[in-house]
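Engineer: Pasting in a structure now, in structure tokens, and then I'll have a few things to ask.
The values are calculated or read from the model by the stated rules, or taken from the named source; none is laboratory data. All values reported here derive from a predicted model rather than from experimental measurement. Every residue, glycine among them, receives a Cβ derived from its backbone with ideal geometry; neighbour counts consider all protein chains shown. The protein model used for the area step is the full one, side chains on, heavy atoms only, and it has no ligands, DNA or RNA in it. Shrake-Rupley method; radii C 1.70, N 1.55, O 1.52, S 1.80 Å.
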Amino acid sequence: NREGDLLFTVAKDPIVNVWYSVNGERLGTYMGHTGAVWCVDADWDTKHVLTGSADNSCRLWDCETGKQLALLKTNSAVRTCGFDFGGNIIMFSTDKQMGYQCFVSFFDLRDPSQIDNNEPYMKIPCNDSKITSAVWGPLGECIIAGHESGELNQYSAKSGEVLVNVKEHSRQINDIQLSRDMTMFVTASKDNTAKLFDSTTLEHQKTFRTERPVNSAALSPNYDHVVLGGGQEAMDVTTTSTRIGKFEARFFHLAFEEEFGRVKGHFGPINSVAFHPDGKSYSSGGEDGYVRIHYFDPQYFEFEFEA
């Protein structure tokens, strides 16, 4: 969450967990989903939690009590979800499957009738390539969506039109994460790269290359560092030894695009990485079923990159 005292985790089971990030103690669970949970988001004051699942629903929870506040049924799996900065408007995207179109839906939580009737105030169809990752842009004016084709689109949250369209990746975009000040974002793609973009113009600025698919990338809040997590496809994991797997988290310098460190630990591909808001630790979740929180050594903070 925004303060970094809580860590929300979802996995390929129906349980949503919340943990104290300081000691890894489990605070509680949000029970109700009946399928794998693909996405989770907490609003800015950590009052509400939003989850999207393969059970064809998006659910809103009271963070403190674990009570389910809203259930939004969909026709296909919910792949991404998020609160806007004010915490009043939610968006989620659904998969293209079982003959159903991929849609992005927007609900205003201040209007109970939208929730009760399951009628979003706006629904944007994505005809060409399904959305695989999406985040709110700065000031909640638009959402930035990454597609299976490697395209990036910026959709207006008011009109639903495509404001900007760019295609810098050649394959699916697995993850998008904004910087702390929301001026830029990093994408992680199956084409073995992570890229840095300007969040208003979608102008491509930097590229970080690896030799494996990148599942997730995150920007440090107080250093020019980016961490990448990935590894080979989950289905190929058992065919290689753990050493060959390359399941390290990899640290790159944002400006020089050069790798300066790796952290081992997972024995399966890393699906998700995130920095703590204070920049002193980061967490990673892997296909091995573990969430690991790593605290940086003092050397990390004194480290000067020599170009």
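Engineer: Which residues, taken from segment 170-183, are surrounded by 18 or more Cβ atoms within 10 Å (Cβ to Cβ) and either assigned to a strand (DSSP E or B) or over 17 Å from the mean Cα position of the chain (by Cα) (or both)?
Structural biologist: Once the filter is applied, which keeps residues that are surrounded by 18 or more Cβ atoms within 10 Å (Cβ to Cβ) and either assigned to a strand (DSSP E or B) or over 17 Å from the mean Cα position of the chain (by Cα) (or both), segment 170-183 yields 173, 174, 175, 176, 177, 178.
Engineer: Taking strands (runs of 3 or more DSSP E) that do not extend beyond segment 56-119, which have at least 1 residues that are touching a helix residue (DSSP H, G or I) at 6+ places or on another chain (Cβ under 8 Å), open to solvent by 20 Å² or more (accessible area, probe 1.4 Å) and more than 29 Å from residue 216 (Cα to Cα)?
Structural biologist: Counting at least 1 such residues, we get no strands (runs of 3 or more DSSP E) at all.
Engineer: How do the strands (runs of 3 or more DSSP E) wholly within segment 250-307 filter down when requiring 3 or more residues that are closer than 24 Å to residue 6 by Cβ: which remain?
Structural biologist: 270-275, 281-286, 291-295
Engineer: Right, next: Which condition number does residue 129 fail, the rest of (1) touching an Asp or Glu at 6+ places or on another chain (Cβ under 8 Å); (2) part of a loop (DSSP other than H, G, I, E, B); (3) modelled with pLDDT of 90 or more being met?
Structural biologist: Of the numbered conditions (1) touching an Asp or Glu at 6+ places or on another chain (Cβ under 8 Å); (2) part of a loop (DSSP other than H, G, I, E, B); (3) modelled with pLDDT of 90 or more, the odd one out for residue 129 is (3).
Engineer: Hey, another quick one. All but one of (1) touching a Phe, Trp or Tyr at 6+ places or on another chain (Cβ under 7 Å); (2) in contact (Cβ under 8 Å) with a residue 40 or more places away in the chain; (3) farther than 23 Å from residue 133 by Cβ; (4) of a type outside the set (D, E, K, R) hold for residue 114; state the number of the condition that does not hold.
Structural biologist: (2)
Engineer: For segment 71-105, how many residues meet the condition of being over 13 Å from residue 157 (Cα atoms) and touching a Pro at 6+ places or on another chain (Cβ under 9 Å)?
Structural biologist: Residues in segment 71-105 being over 13 Å from residue 157 (Cα atoms) and touching a Pro at 6+ places or on another chain (Cβ under 9 Å): 4 in total.
Engineer: Tell me, which residue of segment 139-155 that is at pLDDT 90 or above and not in a strand (DSSP E or B) is farthest from residue 97 (Cα to Cα)?
Structural biologist: It comes out as 141.
Engineer: For segment 268-285, name all the residues that are open to solvent by less than 10 Å² (accessible area, probe 1.4 Å) and among the polar types (S, T, N, Q).
Structural biologist: 281, 284, listed by residue number.
Engineer: Right, here's the next one. Take the residues of segment 140-165 that are among the aliphatic types (A, V, I, L, M) and open to solvent by less than 30 Å² (accessible area, probe 1.4 Å): which is nearest to residue 195 (Cα to Cα)?
Structural biologist: Ranking the qualifying residues of segment 140-165, first place goes to 152.
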